[in-house]
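Please read the structure below before turning to the comments.
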Amino acid sequence: MTNQYPHDPSASRASSLAGTSGTGVNLALLDSMDGHEFEDVVESLLRKMNFHVEGRSRAADGGIDMIAIKHDAIVGGKYIIQCKRFSGSIGNSFIRDLFGVVHSENANKGILITNSTFTREAQRFAEGKPLELIDGGKLQDLLSQHGLLVHADPSAKFVISTGFQILYTQFALPLSRIIEESDRISQNLVFLPKRNYDPHAYHRLMHKHFGQITGFLISTGANVAAIAPIANDLDSSPEDLNVLRQHIRELLKMARTLLKMQKEATSISPPPEYATVHPIFLRVAPAFLRKLWLFVEPLKEFAEGKSNKETFVLNLDVGIPELDEMTKEVDRLNEVAEASIKHSENRTQTKSECFVATAAYGSELHPKVIELRRFRDIVLSRYALGRALISLYIRISPAIARQIERNEWLRARTRTVLRVIIFFVSLINAPKYRV
C-alpha cells in the first residue's frame with residue numbers, strides 16, 4: 001500500500017513538525033511534549049476561555065494540576081483540572097481519583113484533559129457525575145476554536161499534514177524503542193532464563209504464534225489502509241484524527257505482542273526434533289517488526305530532516321519470508337514424522353508374525369500359523385502375564401526361527417510340538433478367538 005505526503009525538505013523540525021508560532025501550538029508538539037509543557041498548553045487554553053487559573057504546582061499535586069475559576073453567571077465556579085499527556089488510553093482509576101478530589105475540594109466540576117482517549121469504563125464512570133472528559137479530538141477542536149492550533153497551510157508548496165505528525169510522534173517513535181529492544185534480544189544482550197519444552201508443548205506454542213501472526217498480517221493491512229487517507233488529509237477532522245490514533249494503538253499493541261512472542265521463543269530450549277525449526281522460529285517475530293519499521297522509517301527520516309526528497313511514500317509489504325521458510329521446514333518435519341510412524345507400523349506388523357510357527361510350516365498364511373496368531377492376539381494379549389510372554393517371544397523367537405528354517409529335522413519336530421499346543425489352544429476358550 002502506498003501513499004504520498006507533501007514535505008518541505010528545507011524546513012526544520014522545530015518549525016515544520018514540532019514548532020510553535022506565536023501563541024499557537026503544532027499538534028505534533030502536543031503529542032511529543034512532556035507533562036509540564038502539556039499543562040502550559042492547557043493553561044493557555046483555559047485563559048483564552050476566560051478562566052482564571054490558580055493553584056498550579058510543578059510538584060506532586062495530590063490529584064490537582066490546576067484550579068480554574070470562572071466568575072460568569074450560571075456557569076461560574078470552581079473547576080478542578082487534571083492534565084494527562086498519554087500515549088495510551090486513560091483508564092478508570094484516573095477518573096475515580098478526580099471524582100474524589102472534586103468532592104474533597106467542593107468544586108463545581110472535575111475536568112480531565114488529554115491528548116489521547118478514554119476507555120469505555122472511564123466514560124461510563126463519568127456519566128451522570130460532575131465530571132467532563134476532554135480527549136485529544138475535543139482538545140484539538142478547542143485549541144482550533146480559540147486560535148491556539150497551528151494548521152498546515154494548504155497554499156504552501158510542501159506541507160506536512162497533522163495526521164503525518166501524529167503518525168510520527170505516536171507510532172514511529174514508540175515503535176523505534178520496540179525495535180531497539182527486539183534487536184537487543186536478537187543479539188543476546190537481554191538475559192532470558194531458558195525453559196525446556198517437550199515436543200508437544202513446543203508444537204502447541206508454535207501453532208499459537210502462527211495463528212497470532214496470521215491474524216496480525218490481516219489486521220496490519222486493514223489498519224494501514226485506514227491510516228493512509230487520514231494521515232494524508234491536510235484538514236482532518238478531530239473525529240478522523242481520533243480514528244487515526246485508534247489504528248496507531250492497534251499497531252503498537254500488535255508490535256508489543258510480537259516483542260513478547262520473541263522473548264517467549266528466545267527463552268525456549270527446544271526439543272531435539274525441532275533443532276532445525278527453532279532458529280527460524282526465533283526470526284519470525286523480529287522479521288515482522290522490521291517490516292513495520294520499514295513502513296515508518298522513511299517517515300522518520302522526513303520528520304527529522306534526514307531526507308531531501310519532495311515526496312514521502314508510505315509502503316507496506318506484509319509478506320514475511322521467515323514465516324514461509326518455517327512453514328516449509330515444519331511440513332518437512334511432518335513428512336519425516338509420518339514416514340517414521342509408517343516404519344514403526346511396519347515393524348510392529350513384522351513383530352506380530354509367529355516366527356517359529358512360520359518357520360515350521362513354511363508360510364505365515366498356513367492355517368495352523370493363523371490359529372496360533374489369533375490365540376496370541378485375542379487371548380494372551382488380554383492379560384499382563386500373556387503380554388509379558390508375547391514380549392519375551394518376540395525377542396527370542398527370530399533367532400530360533402532361523403535355526404528351524406535351516407534344518408528339516410528341527411522343522412518336523414517343531415511341527416509335532418506345535419500340534420500338541422494347537423490341540424490345547426483349540427480347547428481353551430475357543431469361541432473367543434475362533435472364526
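Quick notes on this one:
- Potential lengthening of the chain between Leu189 and Ala226 amounts to 9.7 nm, from the contour at 0.36 nm per residue minus the alpha-carbon distance.
- In this rough spin-label picture, where each label sits 7 Å from Cα along the Cβ direction, the Thr214-Asn92 distance is 3.5 nm.
- Of Lys84/Lys138; Lys263/Lys291; Lys84/Lys291, pairs whose Cα-Cα distance is over 22 Å: Lys84/Lys291
- Efficiency of FRET from Cβ geometry, Gln403 and Thr257, R₀ 45 Å, rounded to 0.05: 0.10
- Taking the number of Cβ atoms within 10 Å of each Cβ as an exposure proxy, the fewest-first ranking of Met33, Met261, Met49 is Met49, Met33, Met261.
- Label-point separation in nm, Leu365 to Arg177, each point 7 Å along Cα→Cβ: 7.7
- Segment Asn196-Glu54, length gained on full extension (0.36 nm per residue, minus Cα span): 45.1 nm
- Cut-off under 5 Å, modelled amide H: who pairs with Phe118 long-range: Ile90
Read-outs: derived from the displayed coordinates by stated rules, not from any lab. Given the structure is predicted, the values throughout are model-derived calculations rather than measurements. Here Cβ is always computed from backbone atoms with ideal geometry, including for glycine, and neighbour counts include all displayed protein chains.
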